[in-house]
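A quick write-up on the structure given underneath.
The values are calculated or read from the model by the stated rules, or taken from the named source; none is laboratory data. Not measured: the values here are computed from a predicted model. Cβ sites come from the backbone with ideal geometry, for glycine too, and all protein chains shown count toward neighbours. When the accessible area is computed, the model is the full protein with side chains, heavy atoms only, and any ligands, DNA or RNA have been set aside. Shrake-Rupley method; radii C 1.70, N 1.55, O 1.52, S 1.80 Å.
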Amino acid sequence: MKTRAAVLEEFGKPLVVQEVDLEEPRAGEVLVRLVACGVCHTDLYAASGADPTGYAPCVLGHEGAGVVERVGPGVTLVEPGDHVVTLFAPECGECVHCRSPRTNRCVAIRDQQGLGYLPDGSTRFSRNGEPLRHFMGTSTFAEHTVMPEIALAKVDPAAPLAGCAPFACGLSTGIGAALYTARVEPGATCAVFGCGLVGLGAVIGCRLAGAGRIIAVDLSDERLEMARHHGATDTLTAGDGIVDWIRSETDGFGVDFTFEATGNVTVMRQAVEAAREAWGLATIAGVAGKGETLDIVPRLLITGRRVTGSSFGGVKGRTQVPQFVRRWLDGEIDVESLISHHLSLDEVNRGFDLMDAQDGIRSVIVFPG
């Protein structure tokens, strides 16, 4: 079939929206008609050429939501008509990691996914007979895509799909970092560094966990106001005195849980230093630049602080993303306020520009039909 897609032709250049060919799904695969797709920093990172594992040409996009149109042989997890959220972090349910409650790092299809292929080592996208590689196993900057069934979360059809899209990456990453990676406890003190979509998700997750105090840190007054809307009790403009202020507000110890959602290694260090002596946990969700390292004074760790990373918030996608969507429908999460711009596929590069300008929280591409 023919479909329209935004193709990364060359690193550092605008994506090119064009008609491409898409094969039918094979065994274990699903054809999805995209309804909406978020424009995420990870897409921009890949398009810029900064990602050392990047490749071109490929169809970008990974924060998608849509409707199942057709399924390949052997598919049992979804059926035509199902509303789904795409998962760059699949959940096979059978590998050693899926069977463990300690991680969401499914290994079933990781090797081929990282190379831009579906699990059998081939692609479904092509152009003039030449293969176009997939991105993160999803390629949702397209009107249609083909994906493994284990990389789709079936969600309540009552949920508007434009609002479901952010759960495919940024929003779930933040909420999950608080609920599943850090496991924030009721009454805990928390600090969130960076109030983009991931950081605001962490604020939401801390609130859902029953945190007693949630301190949000960002350079933008607008984003700090948004953080208050989603549950922050205190807001601070980012700067050199942040760690001292947090310690002064917590009897000199620091907060129980910190979350970093900027990708800036200086901010990561602040998150570690602001974590409580004796049991504080700093959760790093931001992606640092190529070759950057995090410098931590060992004494911070010897005195009890801990540091952990969080990939997709520790969320087991097929199982837990539908639960997040349900909490949105139940009024516990205000998703609509997080979507700042609605764009067409032809405006995908504008989505990158808005992100660069820090204009809004999340731009969402809405597809026709």
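A few points about this structure:
- Applying Stokes-Einstein at 25 °C and 0.890 mPa s to the Kirkwood radius of the stretch 19-108, computed over alpha-carbon pairs, gives a translational diffusion coefficient of 161 µm² s⁻¹.
- Carbon + sulfur, % of accessible area of the stretch 49-92 - ligands and nucleic acids excluded, 1.4 Å: 53 percent
- Rounded to the nearest 10 square angstrom, Asp295 shows an accessible area of 100 square angstrom against a 1.4 Å probe.
- Under 11 Å, Cβ to Cβ, from Ala227 - net charge with Lys/Arg +1 and Asp/Glu -1: -2
- Accessible-area composition of the stretch 254-347, carbon plus sulfur, in percent [1.4 Å probe]: 50 percent
- Calculated log₁₀ intensity ratio I(q)/I(0) where the Debye formula runs over C-alpha points of the stretch 133-266, q = 0.15 Å⁻¹: -0.76
- In nm, spacing of pseudo-spin labels at Val67 and Gln112 (7 Å Cα→C-beta vector): 2.9 nm
- The figure for His341 is an accessible area of roughly 40 square angstrom, using a 1.4 Å probe on the protein chains alone.
- Cα pair count fraction exceeding 24 Å, expressed as % - the stretch 212-369: 46 percent
- The peptide list 136-148, 5-17, 24-36, put in order of mean Cβ contacts within 10 Å with the highest first, becomes 136-148, 24-36, 5-17.
- Taken along its three principal axes, the alpha carbon spread of the stretch 150-211 comes to 36, 22, 21 Å, from the longest extent down to the shortest.
- Short-range pairs are left out: with C-alpha atoms under 8 Å and at least six residues apart, the relative contact order of the chain is 18 percent.
- A convex hull fitted to the Cα coordinates of the stretch 94-137 yields 62 cubic angstrom per residue.
- Using only alpha carbons, the stretch 43-82 has a radius of gyration to Kirkwood radius ratio (Rg to Rh) of 1.18.
- Each of Asp353 and Arg228 was given a label point 7 Å from its Cα along the Cα-to-Cβ line. The distance between the two points is 3.2 nm.
- Entry note, the stretch 31-101: relative contact order of 31 percent, from Cα contacts under 8 Å with a spacing of 6+ residues.
- Potential lengthening of the chain between Glu185 and Glu277 amounts to 31.4 nm, from the contour at 0.36 nm per residue minus the alpha-carbon distance.
- Spin-label pair Asp330/Thr237, simplified geometry with 7 Å Cα→Cβ offset, distance in nm: 3.9 nm
- Counting only heavy atoms of the protein chains and using a 1.4 Å probe, Trp245 has close to 80 Å² of accessible surface.
- The chain: most fluctuating residue of Leu118, Leu338, Leu301 per GNM, C-alpha cutoff 10 Å: Leu301
- Environment charge of Leu345, counting only residues whose C-beta is closer than 9 Å and scoring Lys/Arg +1, Asp/Glu -1: -2
- Per residue value of the accessible surface for the stretch 1-81 (all protein chains in place, 1.4 Å probe), Å²: 40 Å²
- Across the alpha-carbon atoms of the chain, the computed radius of gyration and Dmax are 20.1, 66 angstrom.
- Calculated FRET efficiency for the pair Val297/Asp251, C-beta based, R₀ 30 Å, to 0.05: 0.90
- Legend: residues Asp234, Asp221, sorted from most to least accessible area (1.4 Å probe; ligands, DNA and RNA excluded), read Asp221, Asp234.
- Proximal charge balance of Pro131 [Cβ under 12 Å; K/R count +1, D/E count -1]: 0
- Placing unit charges on each Cβ (+1 for Lys and Arg, -1 for Asp and Glu) gives the stretch 285-369 a dipole about its Cα centre, and among Leu329, His342, Leu294 the Cα reaching farthest toward its positive end belongs to Leu294.
- Accessible area in square angstrom per residue, the stretch 266-369, 1.4 angstrom probe: 48 Å²
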